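To start, the structure under review is shown below, and the notes come after it.
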Amino acid sequence: MYKILYNIGMKVGIFCNKATKKFDSVQKELFRLLRERGVEYATYYSVEEIGQTDVLIVLGGDGTILKTAIEAGRQGVLLLGINAGNLGFLTEFEADEAKSAVDLLCNRRYVTEKRSVLEITVSGKKYYALNEATFHRHYDEAADNNVVAVTAEIDGKRVDKIVGDGIIVSTPTGSTAYSLSAGGPILTPDIAAFILTPVCAHSLHNRPVVYADTSVMRIFLAEEGASLTLYCDGKYIGEIFGNDDVVLRKADFSVGFIRRPDSNFFDKLLFKLNKWSE
């Protein structure tokens, strides 16, 4: 399937979002540039297809990156993101920079960056998140009170009981996502930590907590009969009940990204935050 030319020395895959025609022009330009350089590639349209590749060029926004990240991380596949979406915190190039992206890849003048992954175990079943795990109150029309009380423990020590809409447990990558919107701090990607962020807490003493990613967190429902809804990277997972054993720790794999040698997290942060504020 692959023909290695241009001394690229690796297998290249391209992940495209087939749900929209919005990216067609960028996709066609990317295909043209790769063919010009004699680089053959495989095109993937679903996560299940990803395989037998060294680098996966992801064409889309942060949502498309998140869709592919866990499977790529498990397989040790490096991600190179081209932003054909909206915000694009996780992508390295904008839609009009396809040529620069291909040149970087072909010339092998890039650096790699590893991002930690959160592992969430619910009564023995494992889920993974690059950004965050969100435990949100489950709305019950018949209930008199729709807030939820969640108790968090880190390494067996009680952190707090948080009463409100729920909690977010975020990686450094996710610190610029939902956690940030809920008032959490921004962490640089190289910090070995996770963040516990309350969502609309009913007490002013509840504040975000940054803790070491070598620690293990457990969460409990503080009230009998209550339930939570679990989302991983914004994807609905299911409900959690009082008898579920919920454990969060750092996964034994990471997600690797291809970056420009002069890539600057703070430049990107300021640019994206200003764009986000428009």
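The values are calculated or read from the model by the stated rules, or taken from the named source; none is laboratory data. The model shown is predicted, which means the values in this text are computed figures rather than measured ones. Reconstructed Cβ throughout: ideal geometry from the backbone, glycine too, with neighbour counts over all protein chains shown. Note: areas computed on protein heavy atoms with side chains; ligands, DNA, RNA excluded. Shrake-Rupley method; radii C 1.70, N 1.55, O 1.52, S 1.80 Å.
Regarding region 88-104, can at least one residue be identified that is touching a strand residue (DSSP E or B) at 6+ places or on another chain (Cβ under 7 Å), open to solvent by 50 Å² or more (accessible area, probe 1.4 Å), without any contact (Cβ under 8 Å) to a residue 60 or more places away in the chain and over 28 Å from ASN264 (Cβ atoms)? No. In the condition set (1) closer than 19 Å to ASN131 by Cβ; (2) in contact (Cβ under 8 Å) with a residue 40 or more places away in the chain, VAL210 is compliant with all but (2). Cβ-Cβ distances below 6 Å connect the following pairs, each with a first residue in region 232-255 that is closer than 20 Å to VAL150 by Cα and assigned to a strand (DSSP E or B), a second residue that is open to solvent by 70 Å² or more (accessible area, probe 1.4 Å) and among the charged types (D, E, K, R), and a separation of six or more residues or different chains: VAL247/ARG218. Here LEU105, LEU90, LEU80 are screened, and the one residue that is farther than 22 Å from ARG207 by Cα and out of contact with any Phe, Trp or Tyr (no Cβ under 9 Å at 6 or more places or on another chain) is LEU105.
How about region 150-176: which of its residues are open to solvent by 40 Å² or more (accessible area, probe 1.4 Å), more than 24 Å from the chain's Cα centre (by Cα), under 13 Å from ALA222 (Cα atoms) and of a type outside the set (Val, Ile, Thr)? Across region 150-176, the qualifying residues are ARG158, LYS161.
Counting the residues of region 213-236 that are buried (at least 19 other Cβ atoms within 10 Å of the Cβ) and among the aromatic types (Phe, Trp, Tyr) gives 1.
The residues of region 42-73 that are in a strand (DSSP E or B) and in contact with a Cys (Cβ under 7 Å, 6 or more places away or on another chain), listed by number, are THR43, LEU59. Of the residues making up region 238-272, those that are basic (Lys, Arg) and within 18 Å of TYR110 (Cα to Cα) are ARG259, ARG260, LYS268. Listed conditions (1) within 24 Å of the chain's Cα centre (by Cα); (2) buried (at least 20 other Cβ atoms within 10 Å of the Cβ) are all met by GLY183, apart from (2).
All but one of (1) open to solvent by 60 Å² or more (accessible area, probe 1.4 Å); (2) among the aliphatic types (A, V, I, L, M); (3) touching a strand residue (DSSP E or B) at 6+ places or on another chain (Cβ under 7 Å) hold for LEU204, so report the exception by its number. The one condition LEU204 does not meet is (3). If the condition is being surrounded by fewer than 20 Cβ atoms within 10 Å (Cβ to Cβ) and either closer than 18 Å to VAL77 by Cα or touching a helix residue (DSSP H, G or I) at 6+ places or on another chain (Cβ under 8 Å) (or both), then region 18-38 contributes GLU29, LEU33, ARG37. Cβ-Cβ distances below 8 Å connect no pair with a first residue in region 16-33 that is of a type in the set (Gly, Ala, Ser), a second residue that is modelled with pLDDT of 90 or more and surrounded by 15 or more Cβ atoms within 10 Å (Cβ to Cβ), and a separation of six or more residues or different chains. For beta carbons closer than 6 Å, sequence separation of 6+ or different chains, a first residue in region 56-80 that is open to solvent by 10 Å² or more (accessible area, probe 1.4 Å) and a second that is of a type in the set (D, E, K, R), the qualifying pairs are LEU66/ASP233.
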